[in-house]
Amino acid sequence: MKARALIVDDEADIRELLSITLTRMGLTTDAAESEFEAKRLLQKQQYDVCLTDMRLPDGDGLALLEHTARFWPKMPVAVITAYGSAENAVAALKAGAFDYLSKPVQVSQLRALVKSALKLSEAAGAGDETPLEDDASRAMHSLLGESVPMRQTRAMIDKLARSQAPIHVSGESGCGKELAAKLIHTKSVRHERAFVPVNCGAIPENLVESEFFGYRKGAFTGADGERGGFFQAADGGTLFLDEVAELPLLMQVKLLRAIQEKRVRKVGSTQEEAVDVRVISATHKDLADEVKNGRFRQDLFYRLNVIELKMPALRDMPEDIGLLAQAFLRRRSEAEGGAPALSAGALRALEDYPFPGNVRELENVLERALALRSGTEITRDDLQLKPTSVDAVDIRSLPLEDYLATIEKQAIVEALEKTRYNRTAAAKVLGISFRQLRYRMERLGIE
């Protein structure tokens, strides 16, 4: 059976353009020129997708959106906004719109939007089961925990996966912001396309634009060929902007335009190209404070923060610590052929510890305990939850290379703990680049 679409617009030429395009895609279409007529058609016929203008003679798209959300919650609704009307688009996304199109409507963007909407309708018809790759992938993308905060977080993720709205994931460092973003992507209609994570604080300022949008051959010294950027790599999928508050102000302007217009221009090119990308951003900083202090553009903040997903801190769900610890140890046992269990005392110590570095710090503590243990189980002493200074360790008899490595490792661990395991911030504390920090952590075995 052919999919059916409802088109709602008071302009006859827009209705005709949308109808022709969707018919060529194999859909059956009905058209309405008012909110009243649209509601009448909805009562008579079931639709797989609805496209509605924001301005109607007897109402607006938001009113129709609220009506469909109440009576046909599984039907994706996309709104059509006037050119440059970012406020209307954001309002529609906040109200639950699947996505939006700007006038003049670009046929390529329309096709991509409708294809995604139909995939969502098919998933809803199949019981809202979006296929994952396999059981290993399911486990990898899951956020473990049975506490109330984690149950609420997973429920919110399920809801967000049905939308195309930009999402801002907030929370302390180490609380699983990238894991949440990846889970949203995996559960969405975009799961077959790329998930592209980007650490915005790790890109040199002079390379930010070319890394995001790509470049043409000869655009600058060293540009020996044409290359796509992060947006092109994430086309059809999801672009995850971690530590987005670290972007330079000039790049923030260009990022805002790319998100609003869904088009990018490579460095050295005069032509723009359409991209179909869902943007999920994250930072451990308070973006509202960054806006007040002039370090982050307010218009970009509103564009990225259409919907906020706040990740809970580990100290707010101590009942999940044992489950997380056992899951980590099970993964290690699969990789190494056996790993010890936690003693009762060690578990109590973990549950009493505040974990400023959250889940990432928990994994680091357990990794260290595995290396230090002498028995068949991990004890309270093996955890070493109190930071150990270099002066307290007898390293005078070590070879020079090991002595220097010990001091370097301690300095990195202290910087990570000071910044709540935010690697970008830790690199700044240490006075080195993010890439240098990553290399040193890999060399020293710091997870």
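The values are calculated or read from the model by the stated rules, or taken from the named source; none is laboratory data. What you see is a predicted model; the values in this text were computed from it and never measured. Every residue, glycine among them, receives a Cβ derived from its backbone with ideal geometry; neighbour counts consider all protein chains shown. SASA here: full protein model, heavy atoms, side chains in, ligands and nucleic acids out. Shrake-Rupley method; radii C 1.70, N 1.55, O 1.52, S 1.80 Å.
Odds and ends about this structure:
- Filtering Arg360, Arg368, Arg373, Arg331 for residues that are touching a Cys at 6+ places or on another chain (Cβ under 9 Å), modelled with pLDDT under 90 and not small (Gly, Ala, Ser) leaves a single hit, Arg360.
- In this entry, His191 passes the filter for residues that are surrounded by 18 or more Cβ atoms within 10 Å (Cβ to Cβ) and in contact with a His (Cβ under 7 Å, 6 or more places away or on another chain).
- Figure legend. Inter-residue proximity from region 185-198: first residues on the phi < 0 side of the Ramachandran plot, second residues modelled with pLDDT of 90 or more and β-branched (Val, Ile, Thr), beta-carbon distance below 6 Å, spacing 6+ or different chains. Indicated pairs: His185/Thr238; Arg190/Thr238; Phe195/Thr238.
- One residue from Ser281, Ser374, Ser333 being within 27 Å of Lys187 (Cα to Cα) and of a type in the set (Ser, Thr, Tyr): Ser281
- In region 167-184, the residues that are among the polar types (S, T, N, Q) and either free of Cβ contacts under 8 Å to residues at least 60 places away in the same chain or closer than 14 Å to Leu287 by Cα (or both): Ser170
- Search result, residues across region 92-107 that are open to solvent by 20 Å² or more (accessible area, probe 1.4 Å) and closer than 18 Å to Glu35 by Cα: Ala95, Gly96
Residue-by-condition table, conditions (1) in contact with a Phe, Trp or Tyr (Cβ under 7 Å, 6 or more places away or on another chain); (2) surrounded by fewer than 15 Cβ atoms within 10 Å (Cβ to Cβ); (3) closer than 23 Å to Ala426 by Cβ:
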{"residue": "Asp235", "(1), (2), (3)": "no, no, no"}
{"residue": "Thr238", "(1), (2), (3)": "yes, no, no"}
{"residue": "Glu243", "(1), (2), (3)": "no, no, yes"}
{"residue": "Leu247", "(1), (2), (3)": "no, no, yes"}
{"residue": "Leu250", "(1), (2), (3)": "no, yes, no"}
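- Top-ranked residue in region 233-281 [being outside any strand (DSSP E or B) and free of Cβ contacts under 8 Å to residues at least 24 places away in the same chain; ranked as nearest to the chain's Cα centre (by Cα)]: Arg257
- Subset of region 330-374 (residues that are charged (D, E, K, R), open to solvent by 10 Å² or more (accessible area, probe 1.4 Å) and not in a loop (DSSP other than H, G, I, E, B)): Arg330, Arg331, Arg332, Glu334, Glu336, Arg348, Glu351, Asp352, Arg360, Glu363, Glu367, Arg368
- Filter result (in a loop (DSSP other than H, G, I, E, B) and crowded, with 16+ Cβ neighbours inside 10 Å) within region 37-55: Tyr47, Asp48, Met54
This table checks each residue for (1) over 22 Å from Glu246 (Cβ atoms); (2) among the polar types (S, T, N, Q).
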position: Ser173; (1), (2): no, yes
position: Lys187; (1), (2): yes, no
position: Arg193; (1), (2): yes, no
position: Asn199; (1), (2): no, yes
position: Gly218; (1), (2): yes, no
position: Arg227; (1), (2): yes, no
position: Phe231; (1), (2): no, no
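- Within the option set Pro197, Pro149, being modelled with pLDDT of 90 or more, surrounded by fewer than 21 Cβ atoms within 10 Å (Cβ to Cβ), part of a strand (DSSP E or B) and in contact with a helix residue (DSSP H, G or I) (Cβ under 9 Å, 6 or more places away or on another chain) holds for one residue only, Pro197.
- Looking across Leu113, Leu62, one residue alone is in contact with a strand residue (DSSP E or B) (Cβ under 7 Å, 6 or more places away or on another chain) and among the aliphatic types (A, V, I, L, M). It is Leu113.
- Contacts under 6 angstrom Cβ, first residue in region 313-329 being under 18 Å from Ile378 (Cα atoms) and open to solvent by 10 Å² or more (accessible area, probe 1.4 Å), partner modelled with pLDDT of 90 or more and among the aliphatic types (A, V, I, L, M), 6 or more apart: Gly322/Leu347; Phe328/Leu366
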